[in-house]
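Right, one structure below, let's go through it.
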């Protein structure tokens with residue numbers, strides 16, 4: 001197997017499968033394997049990660065339609081469906097690995113931000129409060145109440161100096 005790795009030009013998935021087989025058959029660690037095939041441990045780890053791709057994406061890598069670089073970028077996406085969808089786009093548009101990495105980065109950042117926002121709203125008892133809705137009606141704009149039962153803050157959204165002045169006038173008049 002070791003000789004075949006050096007002798008035959010394997011596609012990245014065949015190489016990953018061979019590494020996995022050597023690890024299983026001989027009980028090697030990635031470090032030991034890296035020394036025996038003269039590759040760095042991160043190279044071994046990244047190659048093995050290709051085995052985590054959905055089958056349809058693996059086929060594209062095996063056939064050479066997608067590079068190992070494209071495939072590694074796809075692995076950062078949270079779902080198989082997203083990986084498959086972006087793989088199709090890469091093929092259709094001929095995207096570079098760098099472009100693929102940028103798209104993945106944006107999607108992952110948006111996904112992280114969205115889940116963080118949802119988590120914050122679930123923990124915020126004021127997010128769907130009738131008080132918030134009343135304030136939105138009074139100010140005719142979006143209002144957010146953030147905090148706990150005992151303390152927090154109210155955010156009133158405005159989009160121009162005139163709107164800020166209108167909100168200020170309402171606050172001052174309500175105070176009197």
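The values are calculated or read from the model by the stated rules, or taken from the named source; none is laboratory data. In this text the structure is predicted, and so the values were computed from the model without any measurement. Glycine gets a Cβ as well: all are built from the backbone with ideal geometry, and neighbour counts include every protein chain shown.
Kindly evaluate residue 3 against the criterion of being over 14 Å from residue 72 (Cβ atoms), at pLDDT below 95 and in a helix (DSSP H, G or I). Considered against the rule, which asks whether it is over 14 Å from residue 72 (Cβ atoms), at pLDDT below 95 and in a helix (DSSP H, G or I), residue 3 comes out as yes. Among the residues of region 63-86, those that are crowded, with 19+ Cβ neighbours inside 10 Å and more than 17 Å from residue 111 (Cα to Cα) comprise 66, 70, 71, 72. Would it be correct to say that residue 102 is surrounded by 10 or more Cβ atoms within 10 Å (Cβ to Cβ), in contact with a strand residue (DSSP E or B) (Cβ under 8 Å, 6 or more places away or on another chain) and either part of a helix (DSSP H, G or I) or at pLDDT 85 or above (or both)? Answer is no for this residue.
Could you tell me whether any residue of region 87-99 is modelled with pLDDT of 95 or more, crowded, with 18+ Cβ neighbours inside 10 Å and over 23 Å from residue 20 (Cβ atoms)? The answer is yes; a qualifying residue exists. Summed over region 66-81, residues that are in a helix (DSSP H, G or I), touching a residue at least 12 places away in the same chain (Cβ under 8 Å) and under 14 Å from residue 55 (Cβ atoms) total 3.
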